[in-house]
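The values are calculated or read from the model by the stated rules, or taken from the named source; none is laboratory data. Just so it is clear, the model here is predicted, and its values are computed rather than measured. All Cβ positions, even for glycine, are placed from backbone atoms using ideal geometry, and neighbour counts span all protein chains on display. With ligands, DNA and RNA removed, areas are computed over all heavy atoms of the protein, side chains included. Shrake-Rupley method; radii C 1.70, N 1.55, O 1.52, S 1.80 Å.
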Amino acid sequence: MLTLYDELEAHKRHKDSSARVFGLVIQGGGMRGAYSAAAIVPLIAYGFSDTFDHVIGSSAGAINGAYFVSAKDETLRHTYADDLANKKFINLLRRDKRVDIDFLVDGVLKHERALDINALNAAHAKLHIVMTDAKTSKEVVLSDHGKFLEIYEELRATAALPILYDKEVRVNDRLYIDGGVSDLLPIDVAIKLGCTDIVVIMTQQIRRYSFVKRHERLVNHLVKYFAKDKPVRIRKKLPTDEHKLQRNLRKLSHPTKNLRFYVLEPSDEEFLVSLATSDRDKVESLAKLGVSDMDKFLHEPLETRPR
């Protein structure tokens, strides 16, 4: 039976003449990004970094996407546990930069796990970084990166979490904040790019999303309270634009005739973590799950999947 591995192998061989367009959408979610960072490791190991035509992500998803496009080696799976699950990066008792995105960008992305800029420039896959305009709250998708001279600021901007980092980041004379505010799961971007086959790496199980529960409303209220100095347009969307998220989740369940989704979710909710956890063991366990889930996902028959 046909598998996703078979589909990717076929597209890798014939992508220049194929009518199909493959997209990879990587969900963000703070430290839950450990799952998607690890899940892309088997894709890299099987040589699929240059197979996808488009790679799309916001926040941690965009950072993991940049590593994927540059075909970073398998040490990527250890990044979150080894480099980020500590108080240098996360300290909720700090008065500012409770999640220190500057440490992530200037320490990890530039040095400890340096992005390969040459590889980004040479890649077939086009990287699309989703961020949120700090004044209008609208989604902005950066697809033209020139020679990736501004890539670090672009990634700093897409990960600039309100409240937890609480700084706006300037890119091309505009100020931006976390891409997950306007589009946590940018499936719509992949569709607009003309993708016919979209692999989606979730960092949370779809069934765990609820938009009506009482405690969810309380969380939203608290988030908006702590962000009371933000523009009204931003406050209304925090922690994310739920209407857009609901629309994108519906698209996963009801694809159009010429659109195929291949959706990977964490298989065991026991290993799920909060977006700001600094528990190294939990993060490492989540990463292990990401590797094993993706390897199984690539080789199971497509007919057994609900989407």
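Any idea which of 266, 299, 122 is furthest toward the positive side of the dipole for the chain, if Lys and Arg beta-carbons carry +1 and Asp and Glu beta-carbons -1? It is 266, whose Cα lies furthest towards the positive end. Over every Cα atom in region 10-54, the radius of gyration and the widest Cα-Cα span, Dmax, amount to 12.5, 38 Å.
Using a 1.4 angstrom probe on heavy atoms only, work out the carbon and sulfur share of the accessible area of region 39-81 in %. The C+S portion of the solvent-accessible surface of region 39-81 is 51 percent.
Computed from Cα positions, the angle between helix 214-226 and the longest principal axis of the chain comes to roughly 60 degrees. The per residue volume of the convex hull around the alpha-carbon atoms of region 263-307 is 73 Å³. Dipole magnitude for region 69-147: about 300 debye, using +1 per Lys or Arg Cβ and -1 per Asp or Glu Cβ, origin at the Cα centre.
With θ taken as phi - 60° and the Karplus curve 6.51 cos²θ - 1.76 cosθ + 1.60 applied, the whole-hertz 3J(HN,Hα) list for region 203-209 is 10, 8, 5, 4, 5, 7, 7 Hz, x standing for glycine and proline. Along region 196-201 the Karplus relation, 6.51 cos²θ - 1.76 cosθ + 1.60 evaluated at θ = phi - 60°, assigns HN-Hα couplings of 9, 10, 10, 8, 10, 9 Hz to successive residues, with x for each Gly and Pro. Note on the chain: with charges restricted to the Cβ of Lys and Arg (+1) and Asp and Glu (-1), its dipole about the Cα centre is near 1400 debye. Strictly greater than 15 Å: what percent of every Cα pair in region 115-184 meets that? Percentage above 15 Å: 49.
Which percent of the accessible area of region 245-305 is formed by carbon and sulfur heavy atoms (probe 1.4 angstrom)?
Of all accessible area on region 245-305, carbon and sulfur atoms account for 46 percent.
Of the residues 19, 275, 63, the one whose Cα sits farthest towards the positive end of the charge dipole of the chain is 275 (charges of +1 on Lys and Arg Cβ, -1 on Asp and Glu Cβ, taken about the Cα centre). Summary of packing: across the peptides 272-278, 187-193, the per-residue average of other C-beta atoms within 10 Å ranks them, highest first, as 187-193, 272-278. Residues in region 283-296 carry Karplus couplings, in order, of 5, 5, 5, 5, 5, 4, 4, x, 5, 5, 4, 5, 4, 5 Hz; the curve used is 6.51 cos²θ - 1.76 cosθ + 1.60 with θ = phi - 60°, and Gly or Pro positions show x. A protection proxy built from the mean count of other Cβ atoms within 10 Å ranks the segments 2-10, 111-119, most packed first, as 2-10, 111-119.
Taken per residue, the accessible surface of the chain reaches 46 Å², heavy atoms only and a 1.4 Å probe. Relative protection proxy for 279-292, 137-150, from highest mean packing down: 279-292, 137-150 (other beta-carbon atoms within 10 angstrom).
For the chain, the antiparallel share of DSSP beta bridges with both residues in that region comes to about 35%.
Taking 18 Å as the straight-line reach from the Cα of residue 251, the aspartates and glutamates in range (excluding those fewer than 8 positions away in the same chain) are 183, 188, 197, 241, 242, 265. Rounded to the nearest 500, the 222 nm mean residue ellipticity of the chain from helices alone is -10000 deg cm²/dmol, with -39,500 (n - 2.57) taken per DSSP H run of at least 4 residues.
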